[in-house]
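The values are calculated or read from the model by the stated rules, or taken from the named source; none is laboratory data. All values derive from a computational prediction rather than experimental measurement. Using ideal geometry, Cβ is built from the backbone for each residue, glycine included, and neighbour counts are taken over all protein chains shown.
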């Protein structure tokens with residue numbers, strides 16, 4: 001099959017909307033919130049032009065959006081939505097419900113500061129504070145990766161029967177224009193067949209959802225969710241590999257950049273990784289052997305892949321984690337996640353963390369170089385260093 005790609009200059013938000021359009025969802029409940037609103041606007045444009053055959057629902061709040069997503073998904077529809085920041089927080093109780101219902105909803109979240117004080121800048125605390133809700137979490141670096149990840153997310157969600165949150169940084173990705181390769185509808189249809197779950201709310205089947213269960217049934221249900229989560233790294237790797245065969249683009253579960261022979265590896269999420277590549281190149285040019293490990297899948301944490309990349313033969317002595325988030329009293333969330341993955345592993349590297357870009361503060365390549373220098377000069381400790 002010929003790829004026949006079309007190149008468009010798109011923002012990350014519009015790339016997300018294109019990914020949703022190509023995935024052919026049937027129900028799309030949405031509510032506007034800065035800086036996610038252009039996703040909603042583009043989808044309604046598609047519908048007005050006759051190119052998007054989905055039921056777009058505009059309830060009165062993000063809580064109501066997720067309240068509409070869940071029954072639509074349980075009835076057998078492919079469901080997409082998008083939100084940001086306070087909107088994601090308003091959905092919190094229903095995020096648990098969606099995962100518990102095994103509803104394979106795909107939602108794009110534009111990472112933005114959470115109140116208070118009120119602000120609109122890139123910060124990943126909103127999605128990281130939802131990591132225990134049972135949603136798969138992906139973090140993207142570019143508009144192209146956002147489009148590809150939305151399509152891949154439906155594939156993984158419908159195989160694992162778990163919802164997926166695709167996260168992109170506010171403004172750096174959501175509003176920045178980049179050349180994006182649009183796959184053909186034929187190619188996406190080949191990759192992502194129509195969603196037809198055997199188990200759904202249907203009078204012909206006679207099943208239901210929402211009844212009270214015993215403690216033992218609840219316990220077994222959580223074990224089933226855990227088993228499904230354990231399959232996700234493999235499902236994502238397979239989905240990404242097959243997408244790469246069709247599109248020529250592959251993003252992986254984790255990505256290594258100039259890690260061979262590195263003494264120090266930077267670990268990060270999202271758009272910060274693009275800046276970190278520049279910093280790595282600068283440090284390599286100055287004689288410091290530094291590499292970058294970009295984590296695309298955060299939940300479930302790909303522990304085996306992280307251990308393989310950072311320990312044993314070819315492992316490194318030091319790891320510096322960059323966190324664009326802040327957990328008061330804990331520091332950087334990604335730092336603690338990585339430490340848990342490496343705990344008890346022989347020849348584990350020393351892991352230090354830096355809070356870089358919290359609240360949307362600009363992080364330049366020079367800032368990252370300085371952060372690495374500060375981290376290496378400090379003793380490994382439980383808290384993250386604030387990068388000045």
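Quick look at the numbers
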read-out: Candidate set from the stretch 143-184 (those that are part of a loop (DSSP other than H, G, I, E, B) and in contact with a strand residue (DSSP E or B) (Cβ under 6 Å, 6 or more places away or on another chain)); member that is surrounded by the fewest Cβ atoms within 10 Å (Cβ to Cβ); value: 175
read-out: Number of positions in the stretch 191-220 that are modelled with pLDDT of 95 or more and surrounded by 13 or more Cβ atoms within 10 Å (Cβ to Cβ); value: 2
read-out: Options 309, 371, 348, 317: the member that is in the same structural domain as residue 265 (by TED's automatic domain parsing), out of contact with any helix residue (DSSP H, G or I) (no Cβ under 9 Å at 6 or more places or on another chain) and more than 29 Å from residue 153 (Cα to Cα); value: 317
read-out: In the stretch 220-250, the residues that are more than 20 Å from residue 302 (Cα to Cα), without any contact (Cβ under 8 Å) to a residue 40 or more places away in the chain and outside any helix (DSSP H, G or I); value: none
read-out: Candidate set: the stretch 41-62, residues that are closer than 21 Å to residue 86 by Cβ and out of contact with any strand residue (DSSP E or B) (no Cβ under 7 Å at 6 or more places or on another chain); chosen: the one surrounded by the fewest Cβ atoms within 10 Å (Cβ to Cβ); value: 60
read-out: Test for residue 87: is it closer than 21 Å to residue 42 by Cα and modelled with pLDDT of 95 or more; value: yes
read-out: All positions within the stretch 339-360 that are at negative phi and buried (at least 16 other Cβ atoms within 10 Å of the Cβ); value: 339, 341, 342, 348, 349, 351, 352, 353, 354, 355, 356, 358
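Yes/no matrix, rows are residues, columns are (1) touching a strand residue (DSSP E or B) at 6+ places or on another chain (Cβ under 6 Å); (2) in the same structural domain as residue 170 (by TED's automatic domain parsing); (3) over 23 Å from residue 162 (Cα atoms):
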residue	(1), (2), (3)
265	yes, no, yes
275	no, no, yes
278	no, no, yes
281	no, no, yes
291	yes, no, yes
333	yes, no, no
